[in-house]
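Written below as structure tokens is the structure these notes are about.
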Amino acid sequence: MTHPRIGIAVTTVGRWNDLRELLGDLARQTRPPQAVAIAHHDPGAADELDALVQSFADTLAISTVVSPRGISNGRNAAAALLGDDVDWLYFPNDTSRVDDDFLERVGRHATPEVTVCAMQLVDPEGTRNMLPAAGSPVTRRNVWGAIEPATLFSRQAFERVGRFNPALGSG
């Protein structure tokens, strides 16, 4: 089975320690991401971000971009940096953490006939998002349990629907 090329598109508001932990998790993946793109909103913080990115230069291919404020703007800008180099897009928060085999496990479900993979986030306090039963139709009520940052999108489907709409908020 061919492993899908997964790109990580993250936006940050300068939570450098949290972002460092997420990048550390990504650097330890049993199936590393194809590329990582980070959008941030503060051109004055470029030196801090550059230093952080440089500390992962030997394990992750990271690019950065300054984007307009707003999480959807940042995610769209980061996704644009990834382009055709990836087949799938994952949009973790800068505070997200993932297990070392996360991309390997989710990659098994990221197949050509699928457009979206919803995941259930679990932390030390328990389940963070409720998912509908497998095979359930997506409705305007149950979609929120599977919305970002617990969703992996086919890049082609993401582009086809016009990316995140900043007028709708965070997703």
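The values are calculated or read from the model by the stated rules, or taken from the named source; none is laboratory data. The shown structure was predicted, so the numbers you read here are calculated from the model rather than taken from an experiment. Because the Cβ atoms are built from the backbone with ideal geometry, glycine has one as well, and the counts that use them run over all protein chains shown. These area figures cover heavy atoms from the full protein model, side chains too; ligands, DNA and RNA do not enter into them. Shrake-Rupley method; radii C 1.70, N 1.55, O 1.52, S 1.80 Å.
Brief remarks follow.
- Count - residues of segment 68-99 that are open to solvent by 40 Å² or more (accessible area, probe 1.4 Å), farther than 19 Å from Phe164 by Cβ and touching a helix residue (DSSP H, G or I) at 6+ places or on another chain (Cβ under 7 Å): 1
- When residues of segment 110-124 are limited to those that are open to solvent by 50 Å² or more (accessible area, probe 1.4 Å) and touching a strand residue (DSSP E or B) at 6+ places or on another chain (Cβ under 7 Å), the one modelled with the lowest pLDDT: Gln120
- Cβ-Cβ under 9 Å pairs, at least 6 apart or on other chains, segment 1-26 side without any contact (Cβ under 8 Å) to a residue 60 or more places away in the chain, far side part of a helix (DSSP H, G or I) and not small (Gly, Ala, Ser): Gly14/Glu48; Gly14/Leu49; Trp16/Glu48; Trp16/Leu49; Trp16/Leu52; Arg20/Leu52; Leu23/Leu52; Leu23/Val53
- Residue that is surrounded by the fewest Cβ atoms within 10 Å (Cβ to Cβ) [pool: residues in segment 1-36 that are part of a loop (DSSP other than H, G, I, E, B) and among the hydroxyl-bearing types (Ser, Thr, Tyr)]: Thr2
- Residue match in segment 11-24 (condition: touching a Lys or Arg at 6+ places or on another chain (Cβ under 8 Å), closer than 27 Å to Asn165 by Cβ and of a type in the set (D, E, K, R)): no
- Restricting attention to segment 41-65, the residues being open to solvent by 50 Å² or more (accessible area, probe 1.4 Å) and in contact (Cβ under 8 Å) with a residue 12 or more places away in the chain number 8.
- If you check Asp84, Asp99 for being outside any loop (DSSP other than H, G, I, E, B) and at pLDDT 85 or above, only one passes: Asp84.
- No other residue among Ala39, Ala51 is within 27 Å of Ala110 (Cα to Cα) and either in a loop (DSSP other than H, G, I, E, B) or not hydroxyl-bearing (Ser, Thr, Tyr) (or both) apart from Ala39.
- Look at segment 88-102: where a residue is over 20 Å from Thr64 (Cα atoms) and a partner is β-branched (Val, Ile, Thr), sitting 6+ places away or on another chain with Cβ atoms under 8 Å, you get Asp100/Thr30; Asp101/Thr30.
- Tally, over segment 151-170, of residues that are loosely packed, with under 14 Cβ neighbours inside 10 Å and among the basic types (Lys, Arg): 1
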